[in-house]
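Only one structure is covered here, and it is reproduced in the block below.
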Amino acid sequence: MVFIMNKFYFKLLIVAICLSQSFIFQTKAAPDTLSVTAGNLKTVLGINKDFISNLALKGEINGNDIATIRSMARLCTLSLKNVDIVEGGSFTVYETPISVTRNVVPANMFTRMSNLISVDLPQKAVSLGDNAFYFCAGLISVNLGDSIKSIGDGAFSACGELSFISLPTHLTSLGTSAFMTCSSLKSITLPESLTTIGETAFWSCKELKAIAIPGNVTSIGKDAFCGCSSMTSISIANGLPSIGEGAFRACPVTSVTIPNSVKTIGKRAFADCTSLTKMILGSGVTTIEDYAFDACSALNEIHCKALIPPTGIYGFSNVQENTCKLYVPKGTVTSYKNAFLWAGFANTIEESSSTPVSPVQSSNLEVHTEQDNIVLSGVEPGEMVSVYTEAGTLLQKIKATDHTVRIKASALPHFYILKTTHKTLKMIL
């Protein structure tokens, strides 16, 4: 409780300091928006530079101007949304000169600027450099704009007061340790454009409660979400080919569905998830590496959809195999009992055979099968159709382009839920 109060008062203290600085030096405050040309910010600010707490710029800045910004000890809020970053000049961090590339927020641009509370980045910036905001201890708000496609290694690492951030809709990659130890980060939405999540990207984000991995992600790095000790919901869309080593280690999730696209579950991927009780493994899983589910001591139900038992040796070490129920496809019980990874499970149970979905009508909605598709008719164009597991994990969202939505049956678990704007239907394959 003392720690929580201290963090609260820390935020209030930073805000109070900024407000007091603005008040005391208001006669020397910058105008609403200063016009600058590359290299002349220091001249424009003049003797007021060391007293300004709120600054908005328009025009062009280069490396020399970034050096000026970094030297402003009282700076709390900074708007660069109407600024273009251009080549020229340099600034120094840790005795290392850093040059500037056009429309790139350079590495270490704001590193250890502990007074910063709020920053608006240039609207034309296309990437955020390594350690750009590293250890900005007071940072609460960042507007990234919508042009940034990559966030560099350690970009927001150790920003302990950052509780929320909106990622650009065209973002494709998150670097190693991008948000590592952002201990106040409570929620984040990964855009559909994202393809790569770097190692330790969200390591030890202790307040992060849920994550949904989009379908275009092809790589989740080692320990990406390790130690997210409040994360009770993990949703992985179909499309991901593998889950990296330690990716979700020590997360308190209770149920996880691995989509059919996943072939390999890496070492310790879900190790020490001591609250995990139910796991659904998609039909595409072929390999479960050592200690993938180590010490998942509460695990009591596994549904493995693969017709050929996934291979491995110590994937389920320290799991209660004597009491955990293993559900396998019809006709595969013997294969699983003879497979090294699965032989220790005392309760191997054959799933009931899959049957076609019977036509279901609800109001104006109708659900039926059509070859390998589940067809939902009667939706409105533009309406969102969500597909969930029985446990409530979001599998996918589809926007109706006409009055019919088709969903690949092979991508769905045995039990699933369809939800439209007005109706919720529980289905069985």
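None of the figures in this text is laboratory data; all of them are computed from the coordinates on show. As the structure is a computational prediction, the values presented were derived from the model and not from experiment. All Cβ positions, glycine included, derive from the backbone under ideal geometry; neighbour counts span all protein chains shown.
Summary of computed values
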quantity	calculated
Eligible aspartates and glutamates near Lys186 by straight Cα distance, threshold 15 Å, same-chain separation 8 or greater	Glu161, Glu207
Between the stretch 86-115 and the stretch 121-196, the alpha-carbon center distance in angstrom	17
Local electrostatic count, Ala343, Cβ distance below 15 Å [Lys/Arg +1, Asp/Glu -1]	0
Around Gly284: net Lys/Arg minus Asp/Glu count, Cβ-Cβ under 14 Å	+3
Ser163 versus Ala346: modelled label distance in nm, points set 7 Å from Cα along the beta carbon direction	4.8
Normalised alpha carbon radius of gyration of the stretch 43-91 [divisor 2.2 N^0.38 Å]	1.08
All aspartates and glutamates inside 18 Å of Lys124 as judged from Cα atoms, apart from same-chain residues fewer than 8 positions distant	Glu60, Asp65, Asp84, Glu87, Asp146
Neighbour net charge for Trp203 - beta-carbon separation under 11 angstrom, K R +1, D E -1	+1
